[in-house]
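A short worksheet on the structure shown next.
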Amino acid sequence: MEKKPCSSSLAVKTSHVLPPDTNYHGTLFGGTLMAHIDDVAAISAVRHCRKPVVTASTDSVDFIKPVKQGNSICVEAFVTWTHNTSMEVFVKAVTEDLLTGERNVCATAFLTFVAVDENLRPVPVPEVYPETESEKFLHEGAQLRAERRRERRAYSKDFANRFGTTYPWNK
């Protein structure tokens with residue numbers, strides 16, 4: 001498979017934040033922003049590998065600034081790193097006050113996707129390479145983030161086994 005630059009997977013989505021998208025405080029629901037993030041990140045991953053993908057993990061989504069009703073929300077994503085069948089995708093969300101033009105980064109996140117075949121079995125993905133300084137910065141830190149994800153996943157599996165499927169959990 002031929003290597004691809006990070007930029008070839010860029011996906012961007014801009015939406016107007018309307019009243020049904022907002023909470024009691026007039027700001028975008030966090031879950032709505034997370035749905036935008038997963039959607040755009042998945043498009044980026046598919047663009048990179050040209051195969052169906054599944055979300056394997058979402059690292060912490062850090063909400064930095066509120067997104068107010070009437071603003072726009074622009075979610076940008078691109079593949080920063082690949083392993084055999086998986087891809088790390090960086091996502092940045094920018095809110096814009098459409099009346100003043102003021103823009104702020106309102107959230108960032110890393111998601112991991114796995115490319116799959118028609119039987120939902122993992123399949124290989126092309127390598128990715130960075131070109132810009134920002135892409136290189138993200139690419140260089142990816143291995144450490146991947147190790148932390150593996151550790152967190154093992155911890156999550158332990159929690160799942162400990163608590164099981166019944167309540168109360170202390171039975």
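Values quoted throughout were computed directly from the atomic coordinates according to the rules given, and no laboratory measurement underlies them. Being a predicted model, the structure only gives us computed values, none of them experimental. Positions of Cβ are generated from backbone atoms using ideal geometry, with glycine treated the same way; all protein chains shown enter the neighbour counts.
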>> Output wanted: per-residue J couplings in Hz (rounded whole) for the range 112-122, from phi through Karplus 6.51 cos²θ - 1.76 cosθ + 1.60, θ = phi - 60°, x for Gly and Pro.
In response: 10, 10, 10, 7, 9, 8, 5, 9, 6, 8, x
> Of the lysine pairs in the range 4-161, how many meet both conditions: Cα atoms under 24 Å apart, and a spacing of 8 or more in sequence or different chains?
Replying inline: 13
>> Need the C-alpha centroid separation for the range 1-64 versus the range 103-171, integer Å.
In response: 14 Å
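Using alpha-carbon pairs under 8 Å, 6+ residues apart, how would you state the relative contact order of the range 4-161 in percent?
26 percent
I'd like the antiparallel share, as a percent to the nearest 5, of DSSP beta bridges with both residues in the chain.
Numbers: 37 of 39 bridges.
Bridges in the chain that DSSP calls antiparallel: roughly 95 percent.
Nearest 20 debye, what's the magnitude of the dipole of the chain about its Cα centre given +1 on Lys and Arg Cβ and -1 on Asp and Glu Cβ?
580 debye
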> Long-range amide H contacts for Val123: which residues qualify at under 5 Å (H placed 1.01 Å from N, peptide plane, sequence gap of 5 or more or a different chain)?
Replying inline: Ala115, Val116, Asp117
> Which cross-chain or sequence-distant (5 or more) residues have an amide H under 5 Å from the amide H of Ala109, H modelled 1.01 Å from N in plane?
Replying inline: Val91
> About the Cα centre of the range 102-148, what is the dipole size in debye to 20, counting +1 per Lys and Arg Cβ and -1 per Asp and Glu Cβ, all else neutral?
Replying inline: 220 debye
>> Rg and Dmax in Å for the chain, alpha carbons only: what are they?
In response: 17.9, 57
